[in-house]
Amino acid sequence: MKTIKIEQKCQSCNGTGLYVGMAERDGSAIVCNNCKGTGRHVFIHEYEEPEDFKVRTDVKRVYRTNPGIIIGASKDNRVKLEDFGGMDYEAWLKLKNKNNFPARSEMRWYSCPAWWYQSADYNKKPNWDACIVCGSFSSCEHFGNKATCWERFDSENRNKKEK
């Protein structure tokens with residue numbers, strides 16, 4: 001275990017040891033709760049040095065993110081891990097950039113592009129007038145036909161790459 005210790009001016013009281021907030025008026029102050037009146041804050045961070053990359057034996061498939069649903073296979077094999085998108089763990093291990101998933105590996109069967117990219121990469125989240133949602137993505141009038149939304153998303157992103 002390694003430790004980083006930094007002594008710095010207390011930001012709460014600006015190094016004075018006294019705190020004046022919205023409840024302290026007419027020249028009143030309280031002893032700063034963060035530095036206990038010293039004007040100094042000691043930041044201590046304990047950490048372990050990274051080791052060699054560890055392989056997990058309990059993982060079969062990896063997903064870029066989870067938009068908030070349960071991911072798992074059914075016992076009767078009607079629902080498979082592949083149905084949720086993602087990629088095989090062995091293939092993920094070979095990636096240099098562990099967040100660089102292949103095209104069409106999103107959770108397309110269970111989420112729409114807006115729902116998925118809200119968690120996966122907000123910069124790619126579509127801002128379409130058709131998908132203004134009140135409440136939840138699954139209540140969107142287009143959610144039942146989200147394959148069409150994915151087609152539009154693919155087309156728009158393919159066009160962005162070509163420009």
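In the set ARG108, ARG104, ARG158, only one residue is modelled with pLDDT under 95 and either among the β-branched types (Val, Ile, Thr) or within 22 Å of ARG61 (Cβ to Cβ) (or both); that residue is ARG104.
For region 8-58, a residue qualifies if it is of a type in the set (D, E, K, R) and surrounded by 10 or more Cβ atoms within 10 Å (Cβ to Cβ), and the qualifying residues are LYS9, GLU24, LYS36, ARG40. Screening region 117-146 for residues that are of a type in the set (Gly, Ala, Ser) and free of Cβ contacts under 8 Å to residues at least 40 places away in the same chain and picking the one that is surrounded by the most Cβ atoms within 10 Å (Cβ to Cβ) gives SER138. Only residues that are among the hydroxyl-bearing types (Ser, Thr, Tyr) and part of a loop (DSSP other than H, G, I, E, B) were counted across region 42-90, and they come to 4. Scanning region 64-76 for residues that are aliphatic (A, V, I, L, M), at pLDDT 95 or above and over 27 Å from LYS54 (Cβ atoms) turns up nothing. Number of residues in region 91-116 that are out of contact with any helix residue (DSSP H, G or I) (no Cβ under 6 Å at 6 or more places or on another chain), surrounded by 11 or more Cβ atoms within 10 Å (Cβ to Cβ) and in a helix (DSSP H, G or I) equals 4.
Taking each residue of region 33-57 that is farther than 24 Å from TRP92 by Cα and looking for partners that are among the aliphatic types (A, V, I, L, M) and part of a loop (DSSP other than H, G, I, E, B) with beta-carbon atoms closer than 8 Å, six or more apart or interchain, yields GLU46/MET1; TYR47/MET1; GLU48/MET1.
Taken over region 1-41, the criterion of being among the hydroxyl-bearing types (Ser, Thr, Tyr) and not in a loop (DSSP other than H, G, I, E, B) is satisfied by THR3, TYR19.
The values are calculated or read from the model by the stated rules, or taken from the named source; none is laboratory data. The shown structure was predicted, so the numbers you read here are calculated from the model rather than taken from an experiment. Please note: Cβ atoms are built from the backbone with ideal geometry, for glycine as well, and neighbour counts cover all protein chains shown.
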